[in-house]
1. On the basis of being surrounded by fewer than 16 Cβ atoms within 10 Å (Cβ to Cβ), over 23 Å from the mean Cα position of the chain (by Cα) and either free of Cβ contacts under 8 Å to residues at least 40 places away in the same chain or under 30 Å from residue 91 (Cα atoms) (or both), does residue 256 make the cut?
2. With 199, 165 as the choices, which residue is without any contact (Cβ under 8 Å) to a residue 40 or more places away in the chain, open to solvent by less than 10 Å² (accessible area, probe 1.4 Å) and away from ligand 2 (no atom under 16 Å from the Cβ)?
3. In the range 223-233, is there at least one residue being away from ligand 2 (no atom under 16 Å from the Cβ), within 30 Å of residue 64 (Cα to Cα) and in a helix (DSSP H, G or I)?
4. Can you go through 22, 42 and tell me which one is at pLDDT below 95, within 26 Å of residue 171 (Cβ to Cβ), among the small types (Gly, Ala, Ser) and within 11 Å of ligand 1 (Cβ to nearest atom)?
5. Considering only residues that are of a type outside the set (Gly, Ala, Ser) and in a helix (DSSP H, G or I), which ones fall in the range 116-126?
6. All but one of (1) in the same structural domain as residue 86 (by TED's automatic domain parsing); (2) charged (D, E, K, R); (3) in a helix (DSSP H, G or I) hold for residue 180, so report the exception by its number.
7. Would the range 169-183 turn up any residue that is under 30 Å from residue 314 (Cβ atoms) and away from ligand 2 (no atom under 15 Å from the Cβ)?
Amino acid sequence: MARILTGIQSSGIPHLGNILGAMQPAIALSKQAGNDSIFFIADLHSLTTLKDAATRKQNTYGTLAAWVALGFDYHNNILFKQSDNTQVAELTWYLSCFTPFPMLSNANSFKDKSENLSDVNAGLFTYPVLMAADILLYDVNIVPVGKDQQQHLEMTRDMARTFNNKYGELLVIPEAKISEDVMTIPGTDGRKMSKSYGNTINIFLNEKELKKQVMSIVTDDTPLELPKNPDTCNVFSLYKLVADQVGINAMRHNYLGGNYGYGHAKLVLLEVLLSKYANERKTFNDLMNNTAQLDTIALLGAQKAKAISTPILAKVRTALGF
Ligand code: ADP
Ligand code: TRP
């Protein structure tokens, strides 16, 4: 049996890049026989950058609702908010006392921001320790993450090994599952889709706003009559990721034939997004209109999470002489 764990920060509502690149692959893994999965909303991590409480609350609900809407079976697995199990803060402290300063100053998450040290808070600096505690608190075997998180997983393994060398084999050494084959989903401007670039497609938006995002996809200025190259077009790149083969062939044919405008292609993409994710959009909206239900789901998840972490943390405390 393998225990799978992953987290998503509540720094926004999951976009198509998060969904195709991280959430759907993780849910697929959770459905494999013999796996039990713990997925959580990393709302404590979001505090390193996001200070507005109302936004965090809304994003946390949105991320919870997205996991449920995308089909994560939270009844037979665990879905919870990181901040609901504060044992993670305790383990973070213990681990931080074994984490060398140079290891943290070498973390990309810190280095990316380190030109302007006055903008770096201690939480951002110790971000990898909190992430290690997220994982080591639950005896996790496999952590599916994007390539950008690989270094954090290596640090987690290092911290666990250091601890085990000194106190015995207490902590389970996790393995990263880096999905090399998961494509980088392009955003509306052709760069990697990312909240920080403002180029996202948010399938959970209402139809009017989603349409606005889709219509904003950047295209070249080939005139309507002329044939167009599907393989260099941002609209087609996104369409390929969500449409079926018949649709993809038809759009390729239309591009190559000429007299087919990008505006038309965008409307076809919008239609596929709306129909492909119709059920997910409905569930998402129902849940966002009934946050009491999301609170119940998160509370149940936190109880199950604590049932796993309590004895693990107790062993750590005993080992440390507390
Ligand atoms: P963002 O770049 O929008 O801030 P995050 O860093 O919060 O996204 O990413 C959350 C998860 O989604 C990570 O596992 C990351 O690898 C994945 N992810 C984010 N953007 C993309 C993308 N454009 N393509 C594929 N996966 C992505
Ligand atoms: N740092 C991860 C990200 O930004 C989110 C995260 C926090 C996480 N804790 C985790 C991922 C534990 C996997 C396991 O994507």
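1. yes
2. Going through 199, 165 in turn, the sole match is 199.
3. No.
4. Selected residue: 22, the only one of 22, 42 that is at pLDDT below 95, within 26 Å of residue 171 (Cβ to Cβ), among the small types (Gly, Ala, Ser) and within 11 Å of ligand 1 (Cβ to nearest atom).
5. Matches in the range 116-126: 117, 119, 124, 125.
6. Of the numbered conditions (1) in the same structural domain as residue 86 (by TED's automatic domain parsing); (2) charged (D, E, K, R); (3) in a helix (DSSP H, G or I), the odd one out for residue 180 is (3).
7. yes
Residue-by-condition table, conditions (1) among the hydrophobic types (A, V, I, L, M, F, W, C); (2) more than 25 Å from residue 58 (Cβ to Cβ):
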residue: 189; (1), (2): no, yes
residue: 199; (1), (2): no, no
residue: 212; (1), (2): no, no
residue: 230; (1), (2): no, yes
residue: 243; (1), (2): yes, yes
residue: 252; (1), (2): no, yes
residue: 261; (1), (2): no, yes
residue: 280; (1), (2): no, no
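The values are calculated or read from the model by the stated rules, or taken from the named source; none is laboratory data. Only a predicted model underlies this, so the values are computations on that prediction, with no experimental measurement involved. Virtual Cβ from ideal backbone geometry, glycine too; neighbours counted across all protein chains shown. The accessibility values were calculated without ligands, DNA or RNA, using every heavy atom of the protein model including side chains. Shrake-Rupley method; radii C 1.70, N 1.55, O 1.52, S 1.80 Å.
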